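Here's the structure we're looking at; comments come further down.
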Amino acid sequence: MSVRGNRGRIVDGVLPLDKPPGMTSNRILQRVKGMYQARKAGHTGSLDPLASGMLPICFGQATKLSAYLLGADKVYRVTAKFGVKTDTADADGQIVAESELREVGRGVLESALRRFRGEIQQIPPMYSALKKDGKRLYEYAREGKEIPRDSRTVHIHEFEIDAYDPHKPTFEVRCSKGTYIRTLVEDVAESIGTVAHVIALRRLAVFPFRASDLVRIEDLEAASGAGFAPLDAYLRPVDEVIADWPAVYLNRQESDYLRQGHAVNNRPGPESGLVRLYDESRLFLGIGEVRLDGRIAPKRLFPNAAGSGA
């Protein structure tokens, strides 16, 4: 949905953008926002300049759901190079260490990967956007400073060899939020007795959006020549961000009560947790929460938000 506003168009929806390599996430965000002439837009989960792939762009009302995309599982395809370590842990950095062990047998590699599946601890890299005392870690790193960082728990759901090469293998990783793939590659190499860095990284999915949903910047540029309608056709409804949540459909009276901030009776369905709410016309209302007494209370409503009506 989109209408003209005084400070740009009011656009609602999610664009599962295929970020090209060689650009920062913020730069591509501003480029896409300009194409849409959108009043409000933001991306969810930065990709390094070297990386490509899924960078969901949230417009308008969808920005209120961006936290759920940030917290979603993600899938990456990553190619590592053994024997060389860089300060950024990827090919954009400077070489800081080398090892004579530059080729790893498949059996050794598969054994190492098994140790990194499930719940693991990671220490965030210095070249990251995390803040310490109000300052980004990468800013300290550029000053040549090493700041102590606490380890964090992440979950590696799947970690497989996608294309085996003894020197430059490619992996596919499905992981939880907060996982640093560069760190994962370095830790695997260390467990084998060598060093490594990332030479290619592509994000294939930010659930519920998958590789088949990706929209290339070239497609947007081609569409922009024919006005906003072809561009808006690439947007996904706001409620697709939480498509895997239970849906509750309300009648007119219940919808009105909910809009006024009142809880409503729950139908047979989930006994607890968050739910998607739809009005009598099957239009997306927002997020509700099933209370202990079984009633559904409004948690976050989305006036006039575009929804799938699912």
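Just so it is clear, none of the values below were taken in a lab; they were calculated from the coordinates. Since this is a predicted model, take the numbers as computed values, not measurements. Note: ideal-geometry Cβ built from the backbone for every residue, glycine included; neighbour counts use all protein chains shown.
Please go through region 116-156 and give me each residue that is within 26 Å of V104 (Cα to Cα) and surrounded by 13 or more Cβ atoms within 10 Å (Cβ to Cβ), ordered by number. Working first, answer last.
Step one: filter region 116-156 for residues within 26 Å of V104 (Cα to Cα), giving 116-125, 154-156.
Scanning region 116-156 gives F116, R117, I120, Q122, I123, P124, P125, V154, H155, I156.
From the residues in region 95-140 that are touching a residue at least 24 places away in the same chain (Cβ under 8 Å) and assigned to a strand (DSSP E or B), which one is farthest from R152 (Cα to Cα)?
Restricting to residues being touching a residue at least 24 places away in the same chain (Cβ under 8 Å) and assigned to a strand (DSSP E or B), the top hit is E98.
Matching residues to (1) part of a loop (DSSP other than H, G, I, E, B); (2) free of Cβ contacts under 8 Å to residues at least 12 places away in the same chain:
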site: V241; (1), (2): no, no
site: V248; (1), (2): no, no
site: Q253; (1), (2): no, yes
site: G261; (1), (2): yes, no
site: P268; (1), (2): yes, yes
site: R276; (1), (2): no, no
site: R282; (1), (2): yes, no
site: L285; (1), (2): no, no
site: A297; (1), (2): no, no
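Could you tell me which numbered condition D92 fails, if it satisfies all but one of (1) assigned to a loop (DSSP other than H, G, I, E, B); (2) more than 30 Å from L214 (Cα to Cα)?
Among (1) assigned to a loop (DSSP other than H, G, I, E, B); (2) more than 30 Å from L214 (Cα to Cα), D92 violates only (2).
Any residue that is among the aliphatic types (A, V, I, L, M), more than 15 Å from the chain's Cα centre (by Cα) and farther than 23 Å from F171 by Cα - is there at least one of those in region 89-108? Explain how you work it out, then say what you get.
In the first step, residues of region 89-108 are kept if they are among the aliphatic types (A, V, I, L, M); the result is 89, 91, 95-97, 101, 104, 108.
When the remaining residues are screened for being more than 15 Å from the chain's Cα centre (by Cα), the result is 89, 91, 95-97, 101, 104, 108.
Right, trim to farther than 23 Å from F171 by Cα and you get 96.
So far as region 89-108 goes, yes, one or more of its residues are among the aliphatic types (A, V, I, L, M), more than 15 Å from the chain's Cα centre (by Cα) and farther than 23 Å from F171 by Cα.
Where residues in region 196-238 are surrounded by fewer than 16 Cβ atoms within 10 Å (Cβ to Cβ) and in contact with a strand residue (DSSP E or B) (Cβ under 8 Å, 6 or more places away or on another chain), which of them is nearest to G42 (Cα to Cα)?
Taking the candidates together, the pick is R216.
Counting only residues that are assigned to a helix (DSSP H, G or I) and surrounded by 20 or more Cβ atoms within 10 Å (Cβ to Cβ), which one in region 174-195 is nearest to the chain's Cα centre (by Cα)? Break it down into steps so the answer makes sense when it comes.
Restricting attention to region 174-195, the residues satisfying the condition of being assigned to a helix (DSSP H, G or I) are 181-192.
With the extra rule that they be surrounded by 20 or more Cβ atoms within 10 Å (Cβ to Cβ), the set shrinks to 181-182, 184-186, 188-189.
Working: I181: 13, R182: 16, L184: 17, V185: 19, E186: 22, V188: 23, A189: 25 Å.
Top of the filtered list is I181.
Examine region 247-257 for a residue that is within 29 Å of A38 (Cα to Cα), in contact with a strand residue (DSSP E or B) (Cβ under 6 Å, 6 or more places away or on another chain) and aromatic (F, W, Y), and state whether such a residue exists.
no
Just give me the residues in region 20-59 being in a helix (DSSP H, G or I) and either closer than 23 Å to A243 by Cβ or out of contact with any helix residue (DSSP H, G or I) (no Cβ under 8 Å at 6 or more places or on another chain) (or both), in sequence order. Lay out the reasoning, then the answer.
Taking region 20-59 and keeping what is in a helix (DSSP H, G or I), we get 25-36.
Scanning region 20-59 gives S25, N26, R27, L29, Q30, V32, K33, G34, Y36.
With part of a helix (DSSP H, G or I) and buried (at least 16 other Cβ atoms within 10 Å of the Cβ) as the only criterion, which of A72, A80, A62, A67 stands out? Even if it seems obvious, please write down each step before you answer.
Working: A72 fails: part of a helix (DSSP H, G or I); A80 fails: part of a helix (DSSP H, G or I); A67 fails: buried (at least 16 other Cβ atoms within 10 Å of the Cβ).
Of A72, A80, A62, A67, the one residue that is part of a helix (DSSP H, G or I) and buried (at least 16 other Cβ atoms within 10 Å of the Cβ) is A62.
Take the residues of region 4-19 that are in a strand (DSSP E or B) and of a type in the set (K, R): which is surrounded by the most Cβ atoms within 10 Å (Cβ to Cβ)? Quick ask: steps written out before the conclusion?
Within region 4-19, the subset in a strand (DSSP E or B) is 4-5, 8-11, 13-19.
Okay, now just the ones that are also of a type in the set (K, R), so 4, 9, 19.
Numbers: R4: 10, R9: 17, K19: 28.
If we take residues in region 4-19 being in a strand (DSSP E or B) and of a type in the set (K, R), then K19 is surrounded by the most Cβ atoms within 10 Å (Cβ to Cβ).
What number goes with the only condition from (1) buried (at least 18 other Cβ atoms within 10 Å of the Cβ); (2) within 13 Å of the chain's Cα centre (by Cα) that G42 does not pass?
The single condition G42 does not satisfy is (1).
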